[in-house]
Each structure stands twice: as structure tokens, then as C-alpha cells.
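Participant: Let me give you the structure first, and then I'll get to my questions.
The values are calculated or read from the model by the stated rules, or taken from the named source; none is laboratory data. All values reported here derive from a predicted model rather than from experimental measurement. Here Cβ is always computed from backbone atoms with ideal geometry, including for glycine, and neighbour counts include all displayed protein chains. Remember, those area values only see protein heavy atoms, side chains included, never the ligands or the DNA or RNA. Shrake-Rupley method; radii C 1.70, N 1.55, O 1.52, S 1.80 Å.
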Amino acid sequence: MSDTVTEQLVTERLTLEDNRVALALFGERNANLKIIERETGAQVHSRGNDLTIVGPAEMVAVARSLVDQLYRMARGGKSIGPEDIGRAAVALRADAGVDLRDVFHDTILVAGRARPISPKGLAQKRYADAIREHDIVFGIGPAGTGKTYLAMALAIRALMEKQVKRIVLTRPAVEAGERLGFLPGSMEEKVSPYLRPLYDALHDMMDFEKADQLVARGLIEVAPIAFMRGRTLNDAFVILDEAQNTTPEQMKMFLTRLGFESKAVITGDVTQIDLPENRRSGLNEAITLLSNIPGIAFRYFTEVDVVRHPLVQQIIKAYDNAKAKPTPG
């Protein structure tokens, strides 16, 4: 039995010429190599600048490509951290032929007060490319996959490069429902809590003062979806967040607001619908009705694409598994 297993293993050797870059890539006490082992299933042994990779052929191929591409990126000046290794491994497992430089060197936005915003994996890269290439894009998947954040970064870049004249950020205020009129304060104060996540993302990408100036001048508008009715949005980059909580009527209304030289991105998680049980989600209906229309792109994310704290990915998976199991008795 053991001889059969041994015969199935392959060994590859790799020499990294630049000692300084190799040490940085390996990490302190070979911490990064241990991550590569965990992510690929292959064994990686180092001796000086030489690496020996052992395991089943498919795992060794992924590990070698991962080491080779990360080394070339590090040699080109990119700092490689543990998170980069994990996401690079996910990208290679999804597409063995992917060029990691295309994924990690795609800088969407260089924010004044934050580090550059780039895709964090193959799913995000394909999503960003779809937004660039299509006028209407649906980003569907769990929280923490960067759907809205990347769309906002692309919107801000489009505004800065004068590709559009304004950005419109919107989402449904489902929890308030028809009771908005009974809450204290102005309409803006009533809906503000539901729009807060959009403001948070906006302020994460640019200085508060700059963001507030753009909002005050009407170049960036943050509003509940009800405020979209009756409008035609020309020369605009429009983002609908939490789209799973729109009704079919709201979704149709939103999509038909799109005017000339405009782009719309719709994001949502079909597993987190907060509508009453007797109401169908506008996002689910859109997936059914619009999936085959040329010019409209759908990009899907899963829990492996989550880019928040590593535990978030495990939490999402645990809840999904629980939902899949039949309820006891």
C-alpha cells in the first residue's frame, strides 16, 4: 500500500537566485512556506535558496506555480504577506493558468488616505473586469467578498477620470418599511442608519473632507432606493447595494433608471433576504429574467472569496452547512 502511494508522489526542485528575495518570500522561520504547504497540500522543504516540493503531481504543480509567480512578483518589488499567499493559492486552484500579476497588480484606486485598492483574488479580478467591460453587472455572494467596496473604488476612479459626472449609491431601507414616516427627524435622518455602510466605505477611500465636499456638490449621492423613482440617470455610475432586499418592482424601477453613458452595479447576497416571507426578492427575479441578456454580466462569489478576518469564511461556511441539513424531527 505504502509503495503505491510513494509511486504516486512526484518531486520537483526549484532554485531561487536572489537570496534576499527568497528569504523574504520564505518568511520568518519559513512561515510563508508553511502556508504554501497548507494551501496546496504539497510538502515544501528549503535549503538555502533551493526548494524541494513533494506530493501528488497536481498539488506539486500548484505549489511550484505559486512559489515561482510569488517569487517573480517579490523580485519586482511587491511585498508578499500571508494573506497574499492564501488568496494567490485560491486563484490558482480556480484557474491553474492564471497569471497572478494580472490579479494583484490591477490597481483600481490609489486612495489618498489608504493603501492602493486592488483585487484580492481571481473572483474579484473577474468582477472588476466585468464592471469595466459591461454597463450592468450583478455581483452576488456572501458579505465580505468585496462586492460593494470594489464597485465603489471603480466608481470613484471613473469620477476622478471624468468618465462619469456623478456617483449614485443606493440601497433599500427594508427594516424601516412603511414606518419611516413615524420615526423622529427629517427623512435624511430616518434613512441615515441604513445608508451608513455606504458612507463608511466612501470615507475609507478618501479624506472625510473631500468626500463630504463631493456629497455636498451632488457629485456623490447616497440615497435609499425609493428616491430613484421617476429619475433618469445619465453620465452616472450607479451602485445598488443589498439588492436581495429589493422587491421585483423596485429592481425593475432601478434598472430602468439607467440613462446614456451610465453604468450600474447591483450587489447582494441571496442567502440574506430580509423581506417578508410572502415577498419575492427582486434580485432573485433579476437572476432568472436577465441572465441571458447580452451586455449584462453576472459574477458570483462564495465563502472562499471572503476577504475579511479569516474566521469570517469559516463562520459563513458553518451557517451554510447548517441550512443545508434537514431540521430534526
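Participant: Would you grab the residues whose amide H sits under 5 Å from the one on Thr246? Only those 5+ places off in sequence or on another chain, please, with H modelled 1.01 Å from N.
Facilitator: Excluding prolines and chain starts, which carry no amide H, the hits are Gly282, Leu283.
Participant: Turning to a different aspect of this structure: Compute the signed sum of charges (Lys and Arg +1, Asp and Glu -1) over the other residues within less than 10 Å, Cβ to Cβ, of Gln124.
Facilitator: +3
Participant: What is the spread of the Cα atoms of the stretch 215-265 along each of their three principal axes, largest first, in whole Å?
Facilitator: For the stretch 215-265, the Cα spread along each principal axis is 30, 22, 19 Å.
Participant: So which GluC sites (Glu not before Pro) in the stretch 268-303 are both in a DSSP loop and have at most 16 other Cβ atoms within 10 Å of their Cβ?
Facilitator: Glu277
Participant: If you take the charge dipole of the stretch 210-284 about its Cα centre, with +1 on Lys and Arg Cβ and -1 on Asp and Glu Cβ, which of Thr247, Pro224, Ser262 is farthest toward its positive end?
Facilitator: Positive-end residue among those listed: Ser262.
Participant: Once the whole set of protein chains is in place, how much accessible area is left on Ile239, using a 1.4 Å probe, in Å² to the nearest 10?
Facilitator: The accessible area comes out at roughly 0 Å².
Participant: Let me ask something additional. Show that you can apply the helix-only estimate: for the chain, add -39,500 (n - 2.57) for every DSSP H stretch of four or more residues, divide by all residues, and state [θ] at 222 nm to the nearest 500.
Facilitator: -14000 deg cm²/dmol
Participant: Taking a 1.4 Å probe, which of Ser262, Ser46 shows the most accessible area, and what order do the others take after it?
Facilitator: On the way: Ser262 10, Ser46 45 Å².
These residues rank, largest area first, as Ser46, Ser262.
Participant: If you take the charge dipole of the stretch 5-60 about its Cα centre, with +1 on Lys and Arg Cβ and -1 on Asp and Glu Cβ, which of Thr40, Gln8, Leu23 is farthest toward its positive end?
Facilitator: Of the listed residues, the answer is Leu23.
Participant: Would you kindly calculate the translational diffusion coefficient of the stretch 241-305, applying Stokes-Einstein with the Kirkwood radius from alpha carbon pairs, for 20 °C and a viscosity of 1.002 mPa s, and quote it in µm² s⁻¹ without decimals? Don't skip to the end; give the middle numbers.
Facilitator: Details: Rh = 12.8 Å.
Once the numbers are plugged in, D ends up at 168 µm²/s.
Participant: Once Rh is set to the Kirkwood radius over Cα pairs, what Stokes-Einstein translational diffusion coefficient, in µm²/s, holds for the stretch 23-107 at a temperature of 20 °C and a viscosity of 1.002 mPa s?
Facilitator: Details: Rh = 12.8 Å.
The diffusion coefficient I find is 168 µm²/s.
Participant: Are there any chymotrypsin sites (Phe, Trp or Tyr not before Pro) in the stretch 238-329 that are in a DSSP loop and have at most 14 other Cβ atoms within 10 Å? List them by number.
Facilitator: On the way: sites: Phe254, Phe260, Phe298, Tyr300, Phe301, Tyr319; in loops: Phe260, Phe301.
In loop regions of the stretch 238-329 (DSSP not H, G, I, E or B), the sparsely surrounded chymotrypsin sites (Phe, Trp or Tyr not before Pro) are Phe260.
Participant: Send over the semi-axes of the chain's equivalent ellipsoid, whole angstrom and largest first, taken as the square roots of 5 times the C-alpha gyration tensor eigenvalues.
Facilitator: Numbers: eigenvalues 357, 115, 60 Å².
Sorted largest first and rounded, they come to 42, 24, 17 Å.
Participant: Ranked from the most accessible area to the least, with a 1.4 Å probe and all protein chains present, what is the order of Tyr149, Tyr71? Present the calculation step by step, with values, prior to reporting the outcome.
Facilitator: Values: Tyr149 75, Tyr71 15 Å².
My answer, sorted largest first, is Tyr149, Tyr71.
Participant: With θ set to phi - 60° and the Karplus curve 6.51 cos²θ - 1.76 cosθ + 1.60, what are the ³J(HN,Hα) couplings of the stretch 53-61 in order, to the nearest whole Hz, using x for Gly and Pro?
Facilitator: Here the 3J(HN,Hα) series is 10, 10, x, x, 3, 5, 5, 5, 5 Hz.
Participant: Quick one: of the DSSP bridges fully inside the chain, what percent are antiparallel, nearest 5? The partial results should precede the final answer.
Facilitator: Values: 13 of 38 bridges.
Antiparallel bridges make up about 35 percent of those DSSP assigns within the chain.
Participant: Could you give the size of the charge dipole of the chain about its Cα centre, using +1 on the Cβ of each K and R and -1 on the Cβ of each D and E, expressed in debye and rounded to the nearest 20?
Facilitator: For this selection, approximately 460 debye.
Participant: If I ignore ligands, DNA and RNA and count only protein heavy atoms, how much of Asp68 is accessible to a 1.4 Å probe, in Å² to the nearest 10?
Facilitator: Looks like 50 Å² after rounding.
Participant: Near Glu249, within a Cβ-to-Cβ distance under 11 Å, what is the net charge of the other residues, with Lys and Arg +1 and Asp and Glu -1?
Facilitator: Numbers: positive: Arg229, Lys252, Arg279, Arg280; negative: Glu285.
After counting each charged neighbour, the total is +3.
Participant: I'd like the orientation of helix 82-94 relative to the chain: the angle between its Cα long axis and the longest Cα principal axis, in ° from 0 to 90, rounded to 10.
Facilitator: Roughly 90 degrees between the two axes.
Participant: Which residue, Val103, Val168, Val215, tops the fluctuation ranking in a GNM of the chain built on C-alpha contacts under 10 Å?
Facilitator: Of the options given, Val215 has the highest mean-square fluctuation.
Participant: Take the alpha carbon atoms of the stretch 1-154, find their radius of gyration, then divide it by 2.2 N^0.38 Å using N residues; give the quotient. Could the numbers behind the result be given before it?
Facilitator: On the way: Rg = 17.5 Å, N = 154, 2.2 N^0.38 = 14.9 Å.
Computed over Cα atoms of the stretch 1-154, the ratio equals 1.17.
Participant: Taking amide H positions as placed 1.01 Å from N in the peptide plane, with prolines and chain starts having none, which residues 5 or more places from Ile136, or on another chain, fall under 5 Å of its amide H?
Facilitator: For Ile136, the qualifying residues are Ala264, Ala297.
Participant: Using a 1.4 angstrom probe and counting only protein chains, how large is the accessible area of His134 in Å², to 10?
Facilitator: Around 40 Å² of this residue is reachable by solvent.
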